[in-house]
1. Looking at the stretch 86-115, which of its residues are part of a strand (DSSP E or B) and either farther than 15 Å from K152 by Cα or touching a Leu at 6+ places or on another chain (Cβ under 6 Å) (or both)?
2. I need the full set of residues from the stretch 136-182 which are over 19 Å from A11 (Cβ atoms) and of a type in the set (D, E, K, R), in order please.
3. Can you confirm whether A31 is open to solvent by less than 40 Å² (accessible area, probe 1.4 Å) and assigned to a loop (DSSP other than H, G, I, E, B)?
4. Kindly check whether there is at least one residue in the stretch 136-153 that is in a strand (DSSP E or B), among the aromatic types (F, W, Y) and modelled with pLDDT of 95 or more.
5. Tell me which residues, restricted to the stretch 1-28, are outside any loop (DSSP other than H, G, I, E, B), open to solvent by less than 60 Å² (accessible area, probe 1.4 Å), within 22 Å of Y173 (Cα to Cα) and not small (G, A, S).
6. Please specify each residue of the stretch 50-75 satisfying the condition of being without any contact (Cβ under 8 Å) to a residue 40 or more places away in the chain and buried (at least 16 other Cβ atoms within 10 Å of the Cβ).
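The values are calculated or read from the model by the stated rules, or taken from the named source; none is laboratory data. Everything quoted here is computed from the prediction, not taken from an experiment. Neighbour counts run over all protein chains shown; Cβ positions are idealised from the backbone, glycine included. With ligands, DNA and RNA removed, areas are computed over all heavy atoms of the protein, side chains included. Shrake-Rupley method; radii C 1.70, N 1.55, O 1.52, S 1.80 Å.
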Amino acid sequence: MKKDFVYLASASPRRSELLRQIGVRFEVRPAAIPEELAPGEAPDAYVLRLAAAKADVVWNALDAAGAEPRPVLAADTAVVLDGRVLGKPATPIEAEAMLEQLSGRAHRVLTAVALRCGTPAETLLSESEVRFRATTAAERRAYCATGEPFDKAGGYGIQGHAAVFVEQLRGSYSAVVGLPLFETAALLARCGVDFWLTARTA
């Protein structure tokens with residue numbers, strides 16, 4: 001298997017930016033899979049399952065198309081409050097409700113990363129804790145008006161306007177954004193994929 005670049009099974013511009021940060025050459029191949037939580041499924045098992053499934057979907061699609069195999073990287077992120085997974089809000093009302101629940105409280109952010117470098121995909125999990133300061137209804141409404149919450153787990157992006165709500169972060173900033181770089185680099189190294197490559201050859 002050639003390892004001159006990897007396929008990124010995500011359309012997220014944030015994950016692409018983070019992968020570029022560590023100098024990995026990649027090609028985006030988004031994976032569309034059902035993201036429903038299975039009955040009784042724990043949040044950590046949920047993100048690990050989805051990350052592996054995304055990697056598998058892209059791997060299998062490339063194989064079916066007769067493409068030369070290369071590693072496939074995928075990730076999934078969940079915001080967890082009181083044991084409940086907060087998904088991506090579909091409406092401003094849902095987004096404001098999520099942000100109200102997070103106001104003045106700490107929550108967990110789980111991000112699983114998976115790398116398919118053969119069979120099966122290998123996965124790692126990053127867990128972080130984020131504490132929001134107390135927010136007002138006017139602040140939450142104004143933040144939702146930016147349009148930022150609607151494609152993000154938990155209804156906020158720590159790398160965007162919601163940074164002003166974050167009082168404390170324990171864990172991995174890159175994982176909260178969507179791709180834990182420590183774990184990602186570990187998986188790439190095990191697979192024999194070079195990173196910092198683009199930085200050296202630029």
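1. Residues of the stretch 86-115 that are part of a strand (DSSP E or B), as a first pass: 86, 106-115.
The answer is A106, H107, A112, V113, A114, L115.
2. E139, R140, R141, E167, R170
3. On the way: open to solvent by less than 40 Å² (accessible area, probe 1.4 Å): yes; assigned to a loop (DSSP other than H, G, I, E, B): yes.
So A31 fits the description; yes.
4. Going residue by residue through the stretch 136-153, those that are in a strand (DSSP E or B) are none.
Checked the stretch 136-153: no residue is in a strand (DSSP E or B), among the aromatic types (F, W, Y) and modelled with pLDDT of 95 or more.
5. L8, R14, R15, L18, L19, F26
6. Going through the stretch 50-75, the residues without any contact (Cβ under 8 Å) to a residue 40 or more places away in the chain turn out to be 53, 60-61, 63-67.
The one that is without any contact (Cβ under 8 Å) to a residue 40 or more places away in the chain and buried (at least 16 other Cβ atoms within 10 Å of the Cβ): A53.
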